[in-house]
1. Quick one: if the Förster radius is 30 Å, what FRET efficiency do residue 54 and residue 88 give, using the C-beta to C-beta distance and rounding to 0.05?
2. With a 10 Å Cβ neighbour count serving as the proxy for reagent exposure, in which order, fewest first, do 195, 50, 30 appear?
3. What is the list of residues in segment 2-30 whose amide nitrogen lies under 17 Å from a point 7 angstrom out from the Cα of residue 178, following Cα to Cβ?
4. Can you tell me the orientation of helix 78-106 relative to the chain, as the angle in degrees between its alpha-carbon axis and the longest Cα principal axis, to the nearest 10?
5. In which sequence would 5, 23 go, from the one with the fewest C-beta neighbours within 10 Å to the one with the most?
6. Suppose R0 equals 45 Å. What FRET efficiency, 1/(1 + (r/R0)^6) with r the Cβ-Cβ distance, do residue 126 and residue 164 give to the nearest 0.05?
7. Once label points are set 7 Å from the Cα along Cα→Cβ at both residue 135 and residue 100, what is their separation, rounded to one decimal in nm?
8. Based on C-alpha coordinates, I'd like the Rg and Dmax of segment 2-200, in Å.
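Just so it is clear, none of the values below were taken in a lab; they were calculated from the coordinates. Worth saying up front: this structure is predicted, and the values here are computed from it rather than measured. Cβ placement follows ideal geometry from the backbone for every residue including glycine, while neighbour counts extend to all protein chains displayed.
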């Protein structure tokens with residue numbers, strides 16, 4: 001189960017890493033985000049790749065929950081706890097996020113692009129939920145990687161201990177989250193949502 005979780009995790013990490021890079025590029029404008037997204041879609045919108053990602057997400061969630069039940073009473077270090085709690089949040093987020101994307105695409109017939117993702121983020125009072133919802137997801141992603149790095153790595157790197165390296169990964173994730181949110185909200189001044197996406201925000 002642990003091996004299965006690790007393999008599915010590596011697969012998802014590659015996709016999420018590219019997905020987060022895509023969101024980060026919103027700092028340079030909506031057009032830059034959408035242009036990069038269209039390039040990525042050539043790969044991940046392939047039906048074969050989509051099925052692999054979907055199955056991998058299911059495996060990751062189920063195996064992660066089973067590992068949580070097994071490990072919940074043996075958490076000793078900060079990074080042990082960080083791995084478990086970030087993993088649980090990521091399982092929750094992936095379940096909701098994937099369901100929302102599939103519903104948007106097949107039930108609402110919307111292009112689940114940049115505007116689909118940021119509609120709630122840029123609409124008050126929905127933003128009260130979506131800002132922490134997305135923020136915790138990105139931070140949890142980096143936190144999970146930091147925790148795994150702490151467990152897997154054994155040697156120093158450029159004079160830094162494994163613990164210091166893991167802290168840097170986690171802090172980088174927090175900074176990355178703030179910059180990404182800045183881009184997804186047009187410098188916190190808000191993004192104009194196209195009319196066809198008003199169904200997402202109750203208009």
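1. For R0 = 30 Å, the calculated efficiency reads 0.90.
2. 195, 50, 30
3. 24, 27
4. Computed tilt is about 30 degrees.
5. 5, 23
6. Using R0 = 45 Å, I get an efficiency of 0.70.
7. Each label point is offset 7 Å from its Cα along the Cβ direction, giving 1.6 nm.
8. 17.6, 54
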